[in-house]
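Everything on this sheet refers to the single structure shown next.
The values are calculated or read from the model by the stated rules, or taken from the named source; none is laboratory data. Values in this document were obtained by computation on a predicted structure and should not be read as measured data. Because the Cβ atoms are built from the backbone with ideal geometry, glycine has one as well, and the counts that use them run over all protein chains shown. Note: areas computed on protein heavy atoms with side chains; ligands, DNA, RNA excluded. Shrake-Rupley method; radii C 1.70, N 1.55, O 1.52, S 1.80 Å.
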Amino acid sequence: MHPNPAFRGEPKFMNLAMCRKRGFGMLSMNADPAPLISHVPFFLDDSGEMAELHLVRSNPIARAVQTPTPAVIAVLGPDGYVSPDWYETSDQVPTWNYVAVHLRGTIEPMDGGLMREHLDRLSAHFEGRLSPKPAWTTDKMSKDALERMMRQILPFKFNVQDVEGTWKLNQNKSDEARQGAAEQIKQSPIGHELETLGALMTGGVPSIDKGSSLTYI
């Protein structure tokens, strides 16, 4: 996480809302000789205290986790390069704006008998956002195909113990400089979801109430 407090003032519920809306992150845990990393979809519950995910049986993390084990899920929002020319002020340097949240806690195996329920919750979380398309459900699979698929994966529970977020949106620049950079970044080819990033920079960090969804993320 970025050490500048100007980028870390957002409340916990905003960071959790971003993670819940994203639903995809980088799971990492310590190992020898180097950390193990896997990119995973996940479902974060309403309390923000527990996430569910699954891993293919052959995944090194799945093989390593037998008991509650310290781990991190890093969730990335929009990001993009910022040219110093866009501020239209002197003595500026290039930087990178981004939104990122780290969920720290422990990962542990779930009861394998809950695999079907886990898949239903995970798919419902994403399918419900594709309305008016009828939601895909596991009922659309044949029993044999579903059981064969479920034998290949294992469910896990991630217990969230700490939430850290960085919303680096040029809050340390003047309103005019930030506005100019935001308009330019929307047209930039360097980054990810640049329209969203520019919108966040233009309006500052969105003001949302607990329980509501983020405007841009």
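For the chain, what is the mean residue ellipticity at 222 nm derived from helices alone (per DSSP H run of n ≥ 4: -39500 (n - 2.57); sum divided by total residues; nearest 500 deg cm²/dmol)?
So the helix-based figure for the chain works out to -8000 deg cm²/dmol.
Work out the P(r) tail for the stretch 1-118: percent of alpha carbon pairs separated by more than 18 Å, whole number. The partial results should precede the final answer.
Numbers: 4147 of 6903 pairs.
Percentage above 18 Å: 60.
Calculate the length of the line joining the C-alpha centroid of the stretch 86-128 to that of the stretch 176-194, in whole Å.
23
With r defined as the distance between the Cβ atoms of Arg148 and Glu108 and R0 fixed at 25 Å, what FRET efficiency is calculated, to the nearest 0.05?
So, using R0 = 25 Å, E works out to roughly 0.45.
If you add up the charges near Gly203, with Lys and Arg at +1 and Asp and Glu at -1, over every other residue whose beta carbon is less than 12 angstrom from its beta carbon, what do you get? All intermediate terms of the calculation are to be shown ahead of the outcome.
Working: positive: Arg178; negative: Asp175.
Combined, the nearby Lys, Arg, Asp and Glu give 0.
How long is the gain from Leu76 to Arg57 if the chain were fully straight, where each residue apart is worth 0.36 nm and the alpha carbon distance is subtracted?
Result: 4.3 nm gained on full extension.
Rounded to whole Å and ordered largest first, report the semi-axes of the equivalent ellipsoid of the chain derived from its Cα gyration tensor (root of 5λ).
Numbers: eigenvalues 261, 80, 47 Å².
Whole-Å semi-axes of the equivalent ellipsoid: 36, 20, 15.
Cα-based Rg (one decimal) and Dmax (whole number) for the stretch 1-53, in Å?
13.5, 36
Can you list the lysines whose alpha carbon sits under 29 Å from that of Lys12, skipping same-chain ones fewer than 8 residues off?
Those lysines meeting the cut-off are Lys21, Lys157, Lys168, Lys173, Lys186, Lys210.
With a 1.4 Å probe and every protein chain kept in, tell me what percent of the accessible surface of the chain is carbon plus sulfur.
52
Could you tell me the accessible area of Asp79 in Å² (1.4 Å probe, neighbours in place), rounded to the nearest ten?
Its accessible surface works out to 20 Å², give or take rounding.
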